[in-house]
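The values are calculated or read from the model by the stated rules, or taken from the named source; none is laboratory data. None of these values were measured; they are calculated from a predicted model. Quick reminder, even Gly has a Cβ in these numbers, built from the backbone with ideal geometry, and neighbours come from all protein chains shown. These area figures cover heavy atoms from the full protein model, side chains too; ligands, DNA and RNA do not enter into them. Shrake-Rupley method; radii C 1.70, N 1.55, O 1.52, S 1.80 Å.
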Amino acid sequence: MSSRIAHLQLLAEYNRWMNERVYAAAARLGPEELARDRGAFFGSILGTLNHLVVADTLWLRRFARHPRQWPQIAPVLQLPVPASLDAIVFPTLPELRRHRGELDAWILEWTGALHDEDLDTALHYANSKGQPYCRELHGLLLHMFNHQTHHRGQATTLLTQAGADVGVTDLLALLPELG
């Protein structure tokens with residue numbers, strides 16, 4: 001296995017692990033606290049977590065249309081297309097958490113099915129405003145994982161401010177000790 005594939009699999013596992021931690025912390029808060037506008041870019045904790053689901057859905061839909069047509073992410077094409085980047089596609093934490101788990105399982109399974117040569121292929125796609133782009137798949141995957149980390153950091157801050165500590169968030173926690 002190439003180091004790039006191993007790296008992407010580690011990022012997929014980190015993504016799943018961190019989402020489980022974030023959602024466990026969020027579950028300690030009531031619906032009002034989750035929906036309360038905290039002045040963040042997506043308003044609330046629930047808004048921020050919905051944005052991550054929206055963005056991941058949009059990216060996975062783009063990846064699923066790649067000529068390689070990976071079956072691991074094909075189910076995402078059956079999902080409704082989110083209306084906007086700030087759409088509240090799941091208004092309650094339990095349904096959002098269930099869907100987040102599905103997305104994370106697809107991402108983890110898909111990264112395990114990638115081949116090194118796939119990463120060098122081009123993906124033609126349009127952004128949410130319809131502007132066309134063509135970029136290397138590897139860079140786009142790195143962007144997706146970086147975007148998740150960025151907004152999970154915002155969610156972690158909002159959760160901490162609301163009194164729900166997420167705990168350890170470092171990728172280091174998933175790296176094996178050598179020696």
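I need the full set of residues from the stretch 43-83 which are assigned to a loop (DSSP other than H, G, I, E, B), open to solvent by less than 60 Å² (accessible area, probe 1.4 Å) and touching a residue at least 60 places away in the same chain (Cβ under 8 Å), in order please.
Of the stretch 43-83, the ones assigned to a loop (DSSP other than H, G, I, E, B) are 44, 65-73, 79-83.
Checking which are open to solvent by less than 60 Å² (accessible area, probe 1.4 Å) leaves us with 44, 66, 70, 72-73, 79, 82.
Selection gives 44, 66.
Scan the stretch 1-42 for residues that are part of a helix (DSSP H, G or I) and exposed (fewer than 13 other Cβ atoms within 10 Å of the Cβ) and jot them down.
Quick first cut of the stretch 1-42, residues part of a helix (DSSP H, G or I) only: 3-26, 31-35.
If the condition is that a residue be part of a helix (DSSP H, G or I) and exposed (fewer than 13 other Cβ atoms within 10 Å of the Cβ), then 3, 6, 31, 32 are the ones that fit.
Yes or no, residue by residue, for (1) out of contact with any Leu (no Cβ under 8 Å at 6 or more places or on another chain); (2) basic (Lys, Arg):
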| residue | (1), (2) |
| --- | --- |
| 97 | yes, yes |
| 118 | no, no |
| 126 | yes, no |
| 171 | no, no |
| 179 | yes, no |
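Kindly check whether there is at least one residue in the stretch 149-167 that is outside any helix (DSSP H, G or I), open to solvent by 40 Å² or more (accessible area, probe 1.4 Å), touching a Phe, Trp or Tyr at 6+ places or on another chain (Cβ under 9 Å) and over 17 Å from residue 111 (Cα atoms). Don't jump to the end; show me each part of the working.
Step one: of the stretch 149-167, the residues outside any helix (DSSP H, G or I) are 162-167.
Subset that is open to solvent by 40 Å² or more (accessible area, probe 1.4 Å): 163, 165.
Those left that are additionally touching a Phe, Trp or Tyr at 6+ places or on another chain (Cβ under 9 Å): none.
For the stretch 149-167, residues outside any helix (DSSP H, G or I), open to solvent by 40 Å² or more (accessible area, probe 1.4 Å), touching a Phe, Trp or Tyr at 6+ places or on another chain (Cβ under 9 Å) and over 17 Å from residue 111 (Cα atoms): absent.
Suppose we keep only residues that are open to solvent by less than 40 Å² (accessible area, probe 1.4 Å) and among the charged types (D, E, K, R) within the stretch 84-140. Which one would you say is farthest from the chain's Cα centre (by Cα)?
Among them, the one singled out is 118.
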